[in-house]
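Undergrad: Sharing a structure, written as structure tokens. Questions coming.
Derivation of every value follows stated rules applied to the coordinates shown; laboratory data play no part. These numbers were taken from a predicted model, which means no experiment stands behind them. Cβ atoms come from the backbone with ideal geometry, glycine included; neighbour counts cover every protein chain shown.
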Amino acid sequence: MRIVFMGTPAFAVPSLKMLVEEGYDVVAVVTQPDRPQGRKKTLTPSPVKTAALELGLPVLQPERLRRPEGVAELAIYKPDLIVTAAYGQILPKSVLDMPRLGCVNVHGSLLPQYRGGAPIQRAIINGESVTGVTLMYMAEGLDTGDMIAKVEVPIEEEDTSGTLFEKLSAAGCALLREQMPRLLAGPVEAEPQDERAATYAPNLGRDDERIDWTASSRSVYNRIRGLVPFSGAFTLWNGETFKVWAAANPGEMPLSGAVLTEDGSGEAESVPGTVLNAGPSGIEVRTGDGSLLLLTVQPAGKKAMSAADFARGGIMKPGTVLE
């Protein structure tokens, strides 16, 4: 059975390695082209490409798989089954129809919820307590194919997108390992998705990364951890980007939401975004329903640092309003 694997980020690497270690015949790997990364815009291969080369597998990197030349290059490998995991491109019908056993996808949500490119981040941002992985047959729509199997994964209070990616990556790998004998004996009886229950998780943009201080402390906390370790959440301080990489769990540290007057004689009115306190414990900021303690921050042009170390400089004083 000839298998082509398609994937791009680290999420997909365990599934690729598992297929090779279990003795399946992975004849080629398809991944996104190398992209510039970092301040120096260094051209960098995807984690899947790096893993594939280490495993001695042929690597294809079409800019657009749906173009005729991309389809023709893939057809040379005559796959019986295509397995994808976070590849990052929608497969055209010409590719979906190519393998006789179909195309299956390891998707990081419990479909039909969170279809799209950012299901893990948006599950955390939206405050979900459970998510999971769905193994599905691929169709022409966006994550609309019939479902083969699922596994649930709880979202812990302290999970970030980074930690949840690792958990779901491992769960997806285990689910794929379990189902591979059935897939190769196929076709497998699969369950159609309920379109009425479908929700979407589009890729994140700049607006998704900006903190809305009028939201609840819990909502701000979820947004911050949902963007770690990728883009990070940000606010504006003195008109410049001020990133927040970690905050205290609001359920463990209820705060007042009031700022002391300069002479320390009482509490003054404050609007959401107001810095209430900046000291050894971190930076306390007013939210829509109280306040949130920031633990790790990154001023514009600087490296990430503890909020306590930043506060020690005394340049962000109580009463400052973050936007």
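Undergrad: Would you calculate a helix-derived [θ] at 222 nm for the chain, using -39,500 (n - 2.57) for each DSSP H run of n ≥ 4 and dividing by the full residue count, to the nearest 500?
TA: Values: 9 runs with 81 residues, N = 323.
Per the formula, -7000 deg cm²/dmol.
Undergrad: Related question: With the Cα gyration tensor of the chain giving a ≥ b ≥ c as the square roots of its eigenvalues, does the rule (a/c under 1.5 for rounded; else a/b larger than b/c for prolate; else oblate) give rounded, prolate or oblate? Please list the in-between numbers first.
TA: Working: a/c = 2.91, a/b = 2.19, b/c = 1.33.
Taking the square roots of the gyration eigenvalues as a ≥ b ≥ c, the chain is prolate.
Undergrad: Placing unit charges on C-beta atoms (Lys and Arg positive, Asp and Glu negative, everything else neutral), compute the dipole magnitude of the range 118-237 about its Cα centre in debye, rounded to 20.
TA: Numbers: 11 positive and 19 negative charges, 58 e Å.
Charge dipole, the range 118-237, about its Cα centre: 280 debye, nearest 20.
Undergrad: Normalising by the residue count of the range 26-128, find the relative contact order in percent from Cα pairs under 8 Å and 6+ residues apart.
TA: Computed value for the range 26-128: 21 percent relative contact order.
Undergrad: A further question follows. Just to be sure I understand: with springs between alpha-carbon atoms less than 10 Å apart, which residue in 56, 145, 88 has the highest mean-square fluctuation in the Gaussian network model of the chain?
TA: 56
Undergrad: Another question, then. Reachable lysines from residue 243, Cα under 18 Å, same-chain residues fewer than 8 places away excluded?
TA: Cross-link targets: 302, 303, 317.
Undergrad: Using only alpha carbon pairs under 8 Å that are at least six residues apart, calculate the relative contact order of the chain and give it in whole percent.
TA: Numbers: 700 pairs, mean separation 41.0, N = 323.
With pairs under 8 Å counted, the relative contact order is 13 percent.
Undergrad: Fully extended, how many nm does the chain gain between residue 156 and residue 218 (0.36 nm per residue separation, minus their Cα-Cα distance)? Can you show the working numbers first?
TA: Working: separation 62, 0.36 × 62 = 22.32 nm, distance 1.38 nm.
Gain on stretching residue 156 to residue 218: 20.9 nm.
Undergrad: So for 125, 315, fewest C-beta neighbours within 10 Å to most, what's the order? Don't skip to the end; give the middle numbers.
TA: Numbers: 125 21, 315 12.
Lowest count first: 315, 125.
Undergrad: What's the extension gain from residue 305 to residue 130 if we count 0.36 nm per residue and subtract their Cα-Cα distance?
TA: Working: separation 175, 0.36 × 175 = 63.00 nm, distance 3.07 nm.
Stretched out fully, the residue 305 to residue 130 stretch lengthens by 59.9 nm.
Undergrad: Quick check: Cα centre of the range 191-246 to Cα centre of the range 47-106, how many Å?
TA: 31 Å
Undergrad: Would you mind telling me which residue in 139, 75, 118 has the biggest mean-square fluctuation in a Gaussian network model of the chain, where springs connect alpha carbons within a distance under 10 angstrom?
TA: Comparing 139, 75, 118 in the GNM, the peak value goes to 75.
Undergrad: Compute the distance in nm between two label points, each set 7 Å from the Cα along the Cα-to-Cβ direction, one at residue 174 and one at residue 40.
TA: Computed distance between label sites residue 174 and residue 40 equals 4.0 nm.
Undergrad: Scan the chain and note any complete DSSP helix (H) whose C-alpha atoms cover at least 30 Å along its axis and whose Kyte-Doolittle average is 0.0 or more. All intermediate terms of the calculation are to be shown ahead of the outcome.
TA: Values: long enough: 161-185 (35 Å, 0.36).
TM-like helix candidates: 161-185.
Undergrad: Based on other C-beta atoms within 10 Å, arrange 243, 17, 41 from fewest to most. All intermediate terms of the calculation are to be shown ahead of the outcome.
TA: Numbers: 243 20, 17 16, 41 9.
Going from sparsest to densest Cβ surroundings: 41, 17, 243.
Undergrad: Lysines near residue 167 by alpha-carbon distance under 19 Å, same-chain residues fewer than 8 away left out - which ones?
TA: 17, 150
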